[in-house]
1. Might you let me know whether the range A:192-205 holds any residue that is among the polar types (S, T, N, Q), farther than 28 Å from B:L57 by Cα and in a helix (DSSP H, G or I)?
2. (1) in contact (Cβ under 8 Å) with a residue 40 or more places away in the chain; (2) within 14 Å of chain B (Cβ to nearest Cβ); (3) more than 16 Å from A:P434 (Cβ to Cβ): which one isn't true of A:R259, the others all being true?
3. Is it the case that A:P93 is modelled with pLDDT under 85, of a type outside the set (G, A, S), under 26 Å from the mean Cα position of the chain (by Cα) and surrounded by 12 or more Cβ atoms within 10 Å (Cβ to Cβ)?
4. Please determine whether any residue of the range A:183-202 is within 13 Å of chain B (Cβ to nearest Cβ) and aliphatic (A, V, I, L, M).
5. Starting from residues that are more than 10 Å from every other protein chain (Cβ to nearest Cβ) and in a helix (DSSP H, G or I), keep the ones in the range A:162-171 and report whichever is farthest from the chain's Cα centre (by Cα).
6. Looking only at helices (runs of 4 or more DSSP H) that lie completely in the range A:357-427, which have at least 3 residues being farther than 25 Å from A:E252 by Cβ and within 14 Å of chain B (Cβ to nearest Cβ)?
7. Would you confirm whether or not the range B:71-86 contains a residue that is facing chain A (nearest Cβ under 9 Å), in a helix (DSSP H, G or I) and at pLDDT below 95?
Amino acid sequence: MSALWVPLILFLQVPIGLGLLRILRIRLLTHQQIALGVLVGLPLSSLVVLLLDIAGIRITLLSVLLGFTCVAVALNWPRRGRLRREPPAPQTPQPGLKICEWPFIAFFIGIAAISVWRAFYLPVTLRDAILGLDLVAKYAVEQGTLRSTIFTDPWLQGHLSNQPFYAPFPMLMQVVFRLAGLPFGQVWLSALFISFVVFFYGRLRESVHPLIAGVIMVLLLAVPEMYAHTFMVLNDYPTAVFFGLAMVFFLEHDRRRRRSSFILSALFLGFACWTRSDTIIFVPLGALLVAWRARRVARTEHERADFRVAWTSGLVFMAIPAAFVLLWHALYLGLVLRQGPAGAGFTGNLDFLTLPGEFYRTAWLFGQTSVYGYLAFVFLAAAIVNRVFLRDRSASVLLAWVAILYLGFVVILFAFSAASLEGTLKRGLFKFFPLMALYLGESRLLHLVSEKIERWEEGTAISRPDVAR
Amino acid sequence: MTLKPASHRPLFLPAISLLSVAVLCLLPVNRAWIADIVGYYAQVPRQLRTMGYEDRLRARHYRSYAVIEYIGQSLRPGDIFLLPPPDYVRRHFDPIYWSWSEPKYFYYMLGRRPTVTLDDPQAARATCTVIIDDRGRPSFLRIVGPSDLERLRATFRE
């Protein structure tokens, strides 16, 4: 089978994402809009594959293409939605591409190009992927259904373990891209990676000078373990991307109180749960943060506390990710497949004396610079300077999310038997990095540096006629 | 306007960004990471020469895939393959390339072939297996009767 179908698949996935963005009235610069379209389109299209299987329709290239076409048309059909009453978000003006960005862009292209090649060329490598998502995908493609013989074969009974039941997004993407003719799938990871870099770099440029945005982006990309996951399929890198995007729109909502950003934030958090189910652990605390922030705004606007607004926002924020977890674990695994992971439950034996140790073990991981690079240290230094010396509170909501993640990981290590430092946390930690990079871009410290560079640049512009004279 | 003459300025910022990329790449951890990436680029010409599906699997999964291929060539229709325990494979074959002894890995690489492990209630139905010799080479064995299986149990405990 030829891999010529890959462009067509991507060509259909992008309008699926753009269609939803249009309904939510999210308007960005063209390249960022397309990148975000990919980032929304990939997980939305994965839902189509699952729904085909639930409906009992055979999963083939034709049925998937038809399914994608129908959803793309439906989402782009002219309509009057409730969200249409909200005017589109004002676009933050962005400077055009400057010469000083070229070295960074050359660097991004250099590391992205080889990542794409390796995603295409290399077979699926990681053990958890072979024993889980790609095993399911390979046989789903062969047999035309996700309910393949791996779940029924008597010789595999008792040996399935947890991996085939992990959250389905990467598995469903493997199904689609294997159907498209790629022997090892995986190229969707490149689409995700490049779109994320394009979108996130653009987002950083909105708040800091491109030079600073470039440095932050290099720090984010130079997390060696995370970079390796841009060409080796597993759940963790896509989860980190979706989580990071949820944070971008969370901050946007927190600042501008835009309903569309709020929904997109909850939706990206839902996609993160659709990619790695344990992400749901962080959602209730996030919902509390939403409720607290919503109540503060309601209080300042109406001069009295409005609990109803607070609780509704919190509940909606929790409901969307919960719906994704329920769709997979309760509906698909529980009612359709009628099988589930072998052992992922509570340890049942909670020894609270170990809790301080878990806090230490989680923090200790960041010290492994050969795995995680320097971003965490730069973040820590910037956060201290910002809070202690510059008294900056403008992006505190992101610091609250860092605390939520940290606390959530401690709880996971403490309470779940299937969790381990090596398996769960090592790659789960990826979620911190886009969040840390976003915080750096929003920090007062780097804004001050940016302003200095901009003033200096303006000085250059003013001084030019002097030189001419 | 008392700004200094700025003829050198347009090139100043690009020079700074070039310098920051260079400095970031030269930090110890990043230097090792960049060296990996340069290594990836160096592999491309060889990879372009080996584009076959099997070649790519062989190059990536190396000894695991070599054993799987060897077993695949030796299996006959109707065979039930006894997977050696992973601990035994790690000790005698390879501490890294041992995943082939897991049922799901075997299923992934070799397709739907009946396999059992020593702990399976159906272990007695096994018709063949591999053992690892002193030099770490696998050799395919036919299991003829219950006494063979008992001897294998002892071997796999070594």
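The values are calculated or read from the model by the stated rules, or taken from the named source; none is laboratory data. Everything numeric here is computed off the predicted structure, so don't read it as measured data. When we count neighbours, we look across all protein chains shown, and the Cβ atoms used for this are built from the backbone with ideal geometry, even at glycine.
1. The initial filter retains those residues of the range A:192-205 that are among the polar types (S, T, N, Q), namely A:195.
Right, trim to farther than 28 Å from B:L57 by Cα and you get A:195.
After this cut, where a residue has to be in a helix (DSSP H, G or I) as well, the list is A:195.
Yes, the range A:192-205 has at least one match.
2. The one condition A:R259 does not meet is (2).
3. Numbers: modelled with pLDDT under 85: yes; of a type outside the set (G, A, S): yes; under 26 Å from the mean Cα position of the chain (by Cα): yes; surrounded by 12 or more Cβ atoms within 10 Å (Cβ to Cβ): no.
Here the answer is no, as A:P93 does not meet what is asked.
4. no
5. In the first step, residues of the range A:162-171 are kept if they are more than 10 Å from every other protein chain (Cβ to nearest Cβ); the result is A:162, A:165-171.
Applying the additional criterion that residues be in a helix (DSSP H, G or I) yields A:165, A:169-171.
Values: A:F165: 20, A:F169: 12, A:P170: 12, A:M171: 16 Å.
Of everything passing the filter in the range A:162-171, A:F165 is farthest from the chain's Cα centre (by Cα).
6. Details: elements: A:369-372, A:375-384, A:396-415.
The helices (runs of 4 or more DSSP H) meeting that bar are A:369-372.
7. Step one: list which residues in the range B:71-86 are facing chain A (nearest Cβ under 9 Å), which gives B:80.
Then keep just the ones that are in a helix (DSSP H, G or I); that gives none.
No, the range B:71-86 contains no residue that is facing chain A (nearest Cβ under 9 Å), in a helix (DSSP H, G or I) and at pLDDT below 95.
Yes/no matrix, rows are residues, columns are (1) touching a Ser or Thr at 6+ places or on another chain (Cβ under 7 Å); (2) more than 30 Å from B:R135 (Cα to Cα); (3) within 9 Å of chain A (Cβ to nearest Cβ):
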| position | (1), (2), (3) |
| --- | --- |
| B:F12 | no, yes, yes |
| B:C25 | no, yes, yes |
| B:R46 | no, no, no |
| B:T50 | no, no, no |
| B:S64 | yes, no, no |
| B:D94 | no, no, no |
| B:S101 | no, no, no |
| B:Y105 | yes, no, yes |
